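Taken together, the values in this text are just the output of simple stated rules run on the coordinates, not laboratory data. What you are looking at is a predicted structure, and each value in this text was computed from that prediction instead of being measured. In this analysis, Cβ positions are derived from the backbone assuming ideal geometry, glycine residues included, and neighbour counts consider all displayed protein chains.
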Amino acid sequence: MLSLVIIVIILALSFDFINGFHDTANSIATSVSTRVLSPRVAILMAAVLNIVGALMSHKVAATISNGIINEKYIPDKQGVLFVVIATLIAAITWNLITWYFGIPSSSSHALFGGLIGSSVAYVGSTIVLKWYEAPEPGKMFFQAKGILMKVVIPLFTSPLIGFILGFLVMKFLYFVLQSFSQNTVNKWFSKLQIVSAGIMAFAHGGNDAQKSMGIITIALMAADMNNGQKEPIFPVILACAIAMGIGTSVGGWKIIKTMGVNMIRLQPINGFAAETGAAAVIETMTRLGAPVSTTHIISTSIMGVGASKRVSAVRWALAKSIVWAWVLTIPITAIIGAIIALLLKLFI
């Protein structure tokens, strides 16, 4: 059991590191493309604020560790660890593939796909999945738990909300600033975009790093090594935060180019609008304990900003290929996770 837990921790921190450089573009792509920040400064800022954000909350981690699978339906504790190992290998594999091709796919979708596929394959039934848990008496409907309320609905609605907010924020700024010259607008928003990029980096760390915290917590609970807690212990929180920060410091240049340059032509005011809209959505979801795709949200927010000027401002052919990657992530990682889980079950 100890050996398997160590493998889980190594894989989880590796996933966090890869998530960091894979998703660096989420925080800084617009700032780098508008030349508000140099790449080196932008990455350093994102790395530090990713760590700070990751230390601020653990609601998303609790959703991962308690709200997706029923460990009691997995025959043995070793099986829980096999499921977690298969999940992480599937997610890491997909992240590396999409990074290689410069596609801003979702690390969250990859993780959930792998977890769902590996757990169902290992048990041989969907009974292992927590689809829906009604809210406690006196609680609002959105405080219900389970995959439907905490994963599926947030993952698919948050990109749409990101698009709408990016569109509305940009429209509002156009209306308020229409009497100002372009030079004046660029001067002010060159400074304001640094603030919005920082907030976006903080929000990214607060949501994404917690997913690995939750995964490690599942393994520690299965091995009775979590001090009886169902939430991540501080050493796990700190290790995941640092791993993501180091990964972010490496920088994923291919994806930065895709999001910050190839999708639409950005000015500082556009980057500010996109980052502000995306960060608002991500922070709200984090407070609700919903693990969302920061990649999807910032991508659709950038699309919304471009569409607010004119529909043709967005390179929709590129957007289409990105959306296809989103659609394929969960089924592909579910298949990879299922295959690995079955191999572990049969041969180890």
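The modelled label-to-label distance between L192 and K230, using points 7 Å beyond Cα along the C-beta direction, is 4.4 nm. With a simple spin-label model that places each label point 7 Å from the Cα along the Cα-to-Cβ direction, the separation between S38 and K171 comes to 4.0 nm. Residue exposure proxy: K59, K72, ordered by other Cβ atoms within 10 angstrom of their Cβ from fewest to most, comes out as K72, K59.
Can you compute the FRET efficiency between A134 and F101 using 1/(1 + (r/R0)^6), with r the Cβ-Cβ distance and R0 = 41 Å? Round to the nearest 0.05. Rounded to the nearest 0.05, the efficiency is 0.45. Going from the fewest other Cβ atoms within 10 Å to the most, the residues W94, W326, W188 appear in the order W188, W326, W94.
For segment 284-348 versus segment 78-93, the spacing of their alpha-carbon centroids is 20 Å.
When the Cα positions of T34, G117, F347 are compared along the charge dipole of the chain, T34 comes out farthest toward the positive end, with charges on each C-beta of Lys, Arg, Asp and Glu. Among the listed pairs K59/K345; K72/K145; K59/K191; K145/K320; K77/K211; K77/K230, those with a Cα-Cα distance over 24 Å are K59/K345; K59/K191; K145/K320. Remark on L129: its backbone amide H falls under 5 Å from those of N70, a criterion applied only to residues 5 or more positions apart or on other chains, H modelled at 1.01 Å from N. Axis angle, to the nearest 10 degrees, between helix 2-22 and the longest C-alpha principal axis of the chain: 10 degrees.
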